[in-house]
Amino acid sequence: MTGAPRAVEHPVAQAFRAAFRAHPAGVAIITARAAHGPVGVTASSVASVSVRPPAVSFSLAAAASATPAVVGAGSVLVHLLDADDAPLARRFAGPAADRFGPGTPWRSADGGEPHLHEVGTALRCCPHRVVEVGDSLLVAAFVTAVLGPGHRGLPLVYAERGYHPVATAGGAQLASSRSLAS
């Protein structure tokens with residue numbers, strides 16, 4: 001009797017995950033308008049790609065519920081999070097049903113994208129290229145506008161399975177070993 005084939009993990013997958021657990025990454029929330037309503041997801045893969053023209057990249061899990069709406073949208077907002085935004089990061093990393101619930105301060109931006117208006121900086125982006133890489137999609141997007149008053153506090157990073165503020169005066173070191181997980 002044979003069962004369903006078991007997924008075989010790549011030989012370096014465990015070491016790869018461990019290496020990136022200790023590598024802090026900035027935290028963002030990417031939002032888009034879908035036919036059924038707003039969608040959004042927390043991402044720690046946003047990177048500046050170009051200044052002329054302004055462009056960013058980010059990756060999304062191919063199987064994530066928000067991925068089709070984000071990659072298919074004409075315009076998305078990439079919200080760059082500060083330490084005070086850790087509760088939003090946790091909410092958008094959780095079940096999709098809870099993301100735009102009563103505790104989420106948002107409104108539609110001029111382009112119709114869901115705008116988390118209490119986040120200091122949001123980039124309006126037009127997805128340009130999507131490349132399948134393993135179980136993820138790598139998205140390159142042009143930045144068409146910067147919304148908001150700018151950063152309000154310490155940047156938020158994800159490292160060691162938690163959200164942490166980063167001390168800006170001392171470089172990219174964690175401001176405290178205390179996680180903002182609670």
query = out of contact with any Lys or Arg (no Cβ under 6 Å at 6 or more places or on another chain), closer than 20 Å to Ala159 by Cα and basic (Lys, Arg) - does that describe any residue in the range 10-33?
reply = yes
task = Look at the range 75-102 and say how many of its residues are in a helix (DSSP H, G or I) and either closer than 23 Å to Val146 by Cα or at pLDDT 90 or above (or both).
result = 11
note = The lone condition Ser65 fails out of (1) farther than 18 Å from Gly148 by Cβ; (2) among the polar types (S, T, N, Q); (3) within 15 Å of the chain's Cα centre (by Cα); (4) modelled with pLDDT of 95 or more is (4)
task = Could you list all residues from the range 71-119 that are over 24 Å from Pro155 (Cα atoms) and buried (at least 16 other Cβ atoms within 10 Å of the Cβ)?
result = Val71, Ala73, Ser75, Gly111
task = Could you pull out the residue among Gly74, Gly120, Gly101 that is touching a residue at least 12 places away in the same chain (Cβ under 8 Å), closer than 20 Å to Ala34 by Cα and not hydrophobic (A, V, I, L, M, F, W, C)?
result = Gly74
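On the given criteria, is Ala47 in contact with a strand residue (DSSP E or B) (Cβ under 6 Å, 6 or more places away or on another chain) and without any contact (Cβ under 8 Å) to a residue 12 or more places away in the chain?
On the way: in contact with a strand residue (DSSP E or B) (Cβ under 6 Å, 6 or more places away or on another chain): yes; without any contact (Cβ under 8 Å) to a residue 12 or more places away in the chain: yes.
Yes, satisfied.
The values are calculated or read from the model by the stated rules, or taken from the named source; none is laboratory data. Keep in mind that this is a model prediction, so the values were computed, not measured. FYI the Cβ positions are ideal-geometry reconstructions off the backbone, even for glycines, and counts take in every protein chain you see.
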